[in-house]
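> Following this message is one structure expressed as structure tokens.
The values are calculated or read from the model by the stated rules, or taken from the named source; none is laboratory data. Here the structure is a predicted model, which means the values were calculated and not measured. Quick reminder, even Gly has a Cβ in these numbers, built from the backbone with ideal geometry, and neighbours come from all protein chains shown. Keep in mind that these areas ignore ligands, DNA and RNA; they rest on the heavy atoms of the full protein, side chains included. Shrake-Rupley method; radii C 1.70, N 1.55, O 1.52, S 1.80 Å.
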Amino acid sequence: MKIRLDNVVKEFETFRAVHGVSLDIGSGELVALLGPSGSGKTTILRMVAGLEYADAGAIYFGDENATDIPVRERGVGFVFQHYALFPHMTVGENIAFGMKVSKVKRSPQAIADRVKELLDLVQLSGLKDRFPAQISGGQRQRVALARALAVDPRVLLLDEPFGALDANVRRDLRRWLRKIHDELGITTLFVTHDQEEALDLADRVVILNKGKIVQEGTPEAVCRNPADAFVMNFLGDANKLDADIRGGKAYVDAVAFDAEGVADGSGQILFRPADVSWREHGHGIAARILRVIDRPDSRRVLAMTGSGQAVEFDTAPEFPHRKGEEGFIDIRRPRVYAAA
Amino acid sequence: MRRRVLPGLPLALGITLVYVAIIVVLPLAALVFKAASLGPADYWRIISSDRAFASYRVTVLCALAATVFNLVFGMALAWVLVRYRFPGRRLVDALVDLPFALPTAVAGIALTTLFATNGWFGAPLSLLGIKVAYTPLGIIVAMSFTSIPFIVRTVQPVLEELDPALEEAGQTLGASDLSIFVGVILPLLTPALLAGVSLSFARSLGEFGAIIFIAGNQPFSTEITALLAFIRLEEYDYPASAAIASVMLLTAFVMLAITNLMQARALRYTVRG
């Protein structure tokens, strides 16, 4: 099922607003809505689900205008951040709930068979008669997914599905979710503020800031070509140096960087800590080492440029230099943006 | 024994036990003792007299009716107070506690004035042929008035804690509002409702001050059990009074025990295993 958002607007008195978002999600695609809190990503998801109504714009499921279809008839599977399992029902009863209240009548046997099938799918076959309070967070979220899938939704929507879990469980679960998605081929939209999760899981990432889409594309496209300084910063650690931009060149401490197409005036150079080499001699921005921090697989170096701007970069664990030494930093893949 | 962060457990426990013994157990023991001073035959004669039986009937039936009324209306009141924001909400919220704060005799006199055939409510009702004051209906009104805070105040916090995502989950699964209410909300409120109902019912059984003004107190029709015990007391017939009171005590105790069991059953899903 294709989903199309056409200039969707939602105003709130406070934050969480959405200011005109248009988005196409292909059938069977797994798309991540990524953004900081208050960027409007959850509001967009809730509007697609029908839990929130758009003030303007339209939402299409395939060719059907779904904007005014009430949530219970929209045919979406929704997974909540804090599971929202019915605490007084067993795992099996939770999964069966949607089938029991459905207008399409099913025999108790058909429901029981479907529950069993879904429990196998989410690998919780032995837990049918447990209550939600008796299983772990990761298991609860898998039950929530099974419950959402039980009503054969046209699209699957997940609101920060792994937000409440610890790091190890999160990683396992998101690989597992990808597998389930590939098996079922259901169009899936999920919300996260964790860029690693979005890049790990999604076919396509939509990055939001202040209620607007700032960039959308494959994980590769957004990583290699961040549209602006916000995306660059949000996707990972980034260094930022102030620069003067003149005639297609950006100057930092008299070192020139290519800035083709960036308007003259003040600007910024952004780069990843891994894209820096330290040189004792030769070209680069002059800098002094302030501190060396050891990490399991690398060394993080804190340095200060000649003009007093802080830079952090990663080196091999064998990096021989110490606090106080002077040298030059050489930047690979710098990205130049005009000042906002 | 495991060391505790707060000192003084023996002291606190001691004071609590002494308090419970003196304030709660001792008077009840005296009651039972007094009732036991009657022979079994006399005891049975007193508690099974026609007049006593009529009083049990009117007390229990009226308390049941008042509790059912409070169950519906109290839950609606709690729902409105939790789910909606409207001008005067805090005032309504404060008014809920008024029956707790008001001396019950004051409540009884006020209700009698309102529901008497020439009162603000009583006059229009009597035109419709409904008589409230000096009938069992009046007893129900007085019982409802004094016990409604129990339901509201036990349901309200549970309702406040209820995750709105549960209702949204029900909606995304295609459930109607009725299915969500019956299948999700009501089962989660059941333990609180049971607690509220048992308190409300127990209070209604024992209510005295508010009822005697509005009930008319006619033996065999509007005389409640608590009043009968009081009448025997005024006649200096202490054993008879104690015997009737012991029946009320037993009823209240059995009822509380049953609701406790039901509550434990309704809450079994919270047990970790």
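> How many nm separate the modelled label positions at residue A:19 and residue B:53, each set 7 Å beyond the Cα in the direction of the Cβ?
Distance between label points: 8.1 nm.
> What does the charge count around residue A:94 come to, taking other residues whose C-beta lies under 12 Å from its C-beta (Lys +1, Arg +1, Asp -1, Glu -1)?
Numbers: positive: A:100, A:128, A:130, A:140, A:142, A:147; negative: A:93, A:129.
My count for the surroundings of residue A:94 gives +4.
> Follow-up question, since we're still on this one. What distance in nm lies between label points placed 7 Å from Cα along the C-beta direction at residue A:182 and residue A:330?
Result for the modelled spin labels: 3.9 nm.
> Let me ask another. Please give the charge dipole size of the stretch B:136-232, origin at the Cα centre, charges +1 on K and R Cβ atoms and -1 on D and E Cβ atoms. Round to the nearest 20 debye.
Numbers: 3 positive and 8 negative charges, 125 e Å.
Dipole about the Cα centre, nearest 20: 600 debye.
> Name the long-range amide H neighbours of residue A:40: under 5 Å, sequence gap of 5 or more, or other chain; modelled H, no Pro or chain starts.
Those qualifying (amide H under 5 Å, at least 5 residues apart or on another chain) are A:16, A:211.
> For the stretch A:3-230, what number results from the quotient of the Cα radius of gyration and 2.2 N^0.38 Å?
Numbers: Rg = 17.5 Å, N = 228, 2.2 N^0.38 = 17.3 Å.
Compared with the compact-globule rule of thumb, the stretch A:3-230 sits at 1.01.
> Fully extended, how many nm does the chain gain between residue B:19 and residue B:93 (0.36 nm per residue separation, minus their Cα-Cα distance)? Intermediate results must be reported in sequence, preceding the final value.
Working: separation 74, 0.36 × 74 = 26.64 nm, distance 3.26 nm.
Once the chain is fully extended between residue B:19 and residue B:93, it gains 23.4 nm.
> While we're here: Ignoring ligands, DNA and RNA, what accessible area per residue does chain A give at 1.4 Å, in Å²?
Numbers: 15450 Å² over 340 residues.
That works out to 45 Å² for each residue.
> Would you mind computing the Rg to Rh ratio of the stretch B:17-62 from its alpha-carbon coordinates, Kirkwood style for Rh?
Working: Rg = 14.5 Å, Rh = 12.6 Å.
Reported Rg/Rh, Kirkwood definition of Rh: 1.16.
> Moving on to the next point. Taking Cα atoms, how many degrees apart are the long axis of helix A:108-121 and the longest axis of chain A, rounded to 10 and kept between 0 and 90?
20
> Multiplying the sequence separation of residue A:298 and residue A:203 by 0.36 nm and subtracting their Cα-Cα distance, what value in nm do you get? Display every interim value, and only then the final one.
On the way: separation 95, 0.36 × 95 = 34.20 nm, distance 3.01 nm.
Separation in residues times 0.36 nm, less the Cα-Cα distance, equals 31.2 nm.
> For the stretch A:321-327, just list the computed ³J(HN,Hα) in residue order, Karplus coefficients 6.51, -1.76 and 1.60, θ = phi - 60°, integers in Hz, with x standing in for Gly and Pro.
After applying 6.51 cos²θ - 1.76 cosθ + 1.60, I find 7, 10, 3, x, 5, 10, x Hz.
> Also, quick follow-up: Nothing charged except the Cβ atoms of Lys and Arg (+1) and of Asp and Glu (-1): what's the magnitude of the dipole of the protein assembly as shown about its Cα centre? Round to the nearest 20 debye. Show your work: numbers first, answer last.
Details: 63 positive and 63 negative charges, 326 e Å.
Magnitude of the dipole: close to 1560 debye.
> Can you tally the net charge around residue A:245? Count Lys and Arg as +1, Asp and Glu as -1, for every other residue whose Cβ sits under 12 Å from the Cβ of residue A:245. Please report the intermediate quantities before stating the final value.
On the way: positive: A:246, A:249; negative: A:242, A:244, A:258, A:260, A:264.
Residues near residue A:245 contribute -3 overall.
> Related question: Once you compute Rg and the Kirkwood Rh from C-alpha atoms, what is the Rg to Rh ratio for the stretch A:1-131? Before the final figure, lay out each step's value.
Working: Rg = 17.5 Å, Rh = 16.9 Å.
Reported Rg/Rh, Kirkwood definition of Rh: 1.03.
> Hey, another quick one. Which of the helices in chain B meet the span-like rule: DSSP H, Cα axial reach of 18 Å or more, Kyte-Doolittle mean at least 1.0?
Working: long enough: B:50-83 (49 Å, 1.30); B:136-161 (38 Å, 1.10); B:186-206 (29 Å, 1.30); B:238-266 (41 Å, 1.31).
Length and hydropathy pass: B:50-83, B:136-161, B:186-206, B:238-266.
> At a 10 angstrom cut-off on C-beta neighbours, averaged per residue, how do the peptides B:107-113, B:136-142, A:289-295 rank from highest to lowest? Before the final figure, lay out each step's value.
On the way: B:107-113: 20.0, B:136-142: 24.9, A:289-295: 12.9.
Ranking the peptides B:107-113, B:136-142, A:289-295 by packing returns B:136-142, B:107-113, A:289-295.
> Now, a different point. If you restrict to DSSP beta bridges whose two residues both lie in chain A, what percentage is antiparallel, to the nearest 5?
On the way: 58 of 76 bridges.
Around 75 percent antiparallel, to the nearest 5.
> Still on this structure: Dividing the Cα radius of gyration by the Kirkwood radius, what Rg/Rh value follows for the stretch B:104-214? Spell out each step's value before the answer.
Numbers: Rg = 19.1 Å, Rh = 16.3 Å.
So for the stretch B:104-214, dividing Rg by the Kirkwood Rh gives 1.17.
> Here's another thing I want to ask about it. Tell me the carbon and sulfur percent of the accessible area for the stretch A:237-338, rounded to whole percent, probe radius 1.4 Å.
Percent of accessible area from carbon and sulfur atoms in the stretch A:237-338: 47.
> Still on this structure: Quick one: in the stretch A:179-234, what % of C-alpha pairs are over 15 Å apart?
Numbers: 748 of 1540 pairs.
When all Cα pairs of the stretch A:179-234 are counted, 49 percent exceed 15 Å.
> Taking θ as phi - 60°, what are the ³J(HN,Hα) couplings along the stretch A:133-140 by the Karplus curve (6.51, -1.76, 1.60), each to the nearest whole Hz, with x for Gly and Pro?
Taking θ as phi minus 60°, the curve returns 5, 9, 10, 7, x, x, 5, 4 Hz for the stretch A:133-140.
> Which FRET efficiency value, to the nearest 0.05, do you get for residue B:161 and residue B:41 by plugging their Cβ-Cβ distance into 1/(1 + (r/R0)^6) with R0 = 56 Å?
Working: r = 54 Å, r/R0 = 0.96.
Efficiency at R0 = 56 Å is approximately 0.55.
> Looking at A:143, A:3, A:53, which one has the Cα that reaches farthest to the positive end of the dipole of the stretch A:3-230 (charges on Cβ: Lys, Arg +1; Asp, Glu -1)?
My answer, from the dipole projection, is A:143.
> Let's see if you can work this out: charge +1 on each Lys and Arg Cβ, -1 on each Asp and Glu Cβ, no other charges. What is the dipole magnitude of the stretch A:237-338 about its Cα centre, in debye to the nearest 20? List each step's numbers first, then the result.
Values: 15 positive and 17 negative charges, 35 e Å.
Computed about the Cα centre, the dipole is about 160 debye.
> For residue B:268 and residue B:106, compute 0.36 nm times the residue count separating them, minus their Cα-Cα distance, and round to one decimal in nm. Kindly include the intermediate steps, with their values, before the conclusion.
Values: separation 162, 0.36 × 162 = 58.32 nm, distance 4.21 nm.
Extending this stretch completely gives an extra 54.1 nm.
> Sticking with this structure for a sec: Where Lys and Arg each count +1 and Asp and Glu each count -1, what net charge lies around residue A:266 among other residues with Cβ under 11 Å from its Cβ?
Values: positive: A:246; negative: A:242, A:244, A:264.
With Lys, Arg at +1 and Asp, Glu at -1, the neighbours total -2.
> Excluding same-chain residues fewer than 8 positions from residue A:323, which lysines have a Cα within less than 27 Å of its Cα?
Within the straight-line cut-off, residue A:323 pairs with A:240.
> Is the shape of chain B rounded, prolate or oblate, going by the alpha carbon gyration tensor and its root eigenvalues a ≥ b ≥ c, with a/c under 1.5 for rounded and a/b larger than b/c for prolate?
On the way: a/c = 1.98, a/b = 1.20, b/c = 1.65.
The shape class here is oblate.
> How about the stretch A:265-340: which GluC sites (Glu not before Pro) there are in a DSSP loop, with at most 13 other Cβ atoms within 10 Å of their Cβ?
Details: sites: A:280, A:312, A:318, A:325, A:326; in loops: A:280, A:318, A:325.
Sites meeting the loop and neighbour criteria: A:280, A:318.
> For residue A:187, enumerate residues with amide H under 5 Å from its amide H, sequence gap 5+ or separate chain, H modeled in the peptide plane.
Amide H to amide H, under 5 Å and 5 or more residues apart or across chains, residue A:187 pairs with A:28, A:156.
> Helix-only estimate, please: 222 nm mean residue ellipticity of chain A, summing -39500 (n - 2.57) across DSSP H runs of length 4 or more and dividing by its residues, to the nearest 500. Spell out each step's value before the answer.
Details: 9 runs with 89 residues, N = 340.
Helices in chain A give a 222 nm mean residue ellipticity of -7500 deg cm²/dmol.
> Please give the per residue volume of the convex hull enclosing the alpha carbon atoms of the stretch A:237-338, rounded to a whole number of Å³. Before the final figure, lay out each step's value.
Numbers: hull volume 8.8 nm³, N = 102.
Dividing the Cα hull volume of the stretch A:237-338 by its residue count gives 87 Å³.
> Given the pairs A:2/A:105; A:10/A:41; A:103/A:128; A:10/A:210, which span a C-alpha to C-alpha distance of over 20 angstrom in this model? Please report the intermediate quantities before stating the final value.
On the way: A:2/A:105 27 Å; A:10/A:41 11 Å; A:103/A:128 24 Å; A:10/A:210 12 Å.
Flagged as over cut-off: A:2/A:105; A:103/A:128.
> Would you mind giving the average projected area, over all directions, of the Cα convex hull of the stretch B:18-171 in nm² with one decimal? Write out the running numbers ahead of the final one.
Numbers: hull surface 61.4 nm².
Orientation-averaged projected area of the Cα hull: 15.4 nm².
> Okay, next question. If the label point is 7 Å along Cα→Cβ of residue A:277, which residues in the stretch A:297-340 have backbone nitrogen under 14 Å from it?
Within reach of a label on residue A:277, which here means backbone N under 14 Å from a point 7 Å along Cα→Cβ, the stretch A:297-340 contributes A:315-316, A:328-334.
> Which trypsin sites (Lys or Arg not before Pro) in the stretch B:29-92 sit in a loop by DSSP (not H, G, I, E or B) and have at most 15 other Cβ atoms within 10 Å of their own Cβ?
Details: sites: B:34, B:45, B:51, B:57, B:83, B:85, B:89, B:90; in loops: B:85.
Hits after loop and neighbour filter: B:85.
> Something else now. Bin width 10 Å, origin at 0, all Cα-Cα pairs of the protein assembly as shown: what percent of pairs per bin?
All Cα pairs, binned at 10 Å, distribute as 3, 12, 16, 16, 14, 14, 11, 7, 4, 3, 1, 0 percent.
> While we're looking at this one, here's another question. Test of understanding: given chain B, find the longest segment containing no chymotrypsin sites (Phe, Trp or Tyr not before Pro) that are in a DSSP loop and have at most 14 other Cβ atoms within 10 Å. Each step should come with its number before you reach the end.
Values: sites that count: B:84, B:120, B:220, B:236.
The longest uninterrupted stretch comes out as B:121-219.
> Still on this structure, please answer the following. Using only alpha carbon pairs under 8 Å that are at least six residues apart, calculate the relative contact order of chain A and give it in whole percent.
Working: 714 pairs, mean separation 55.1, N = 340.
It comes to 16 percent, rounded to a whole number.
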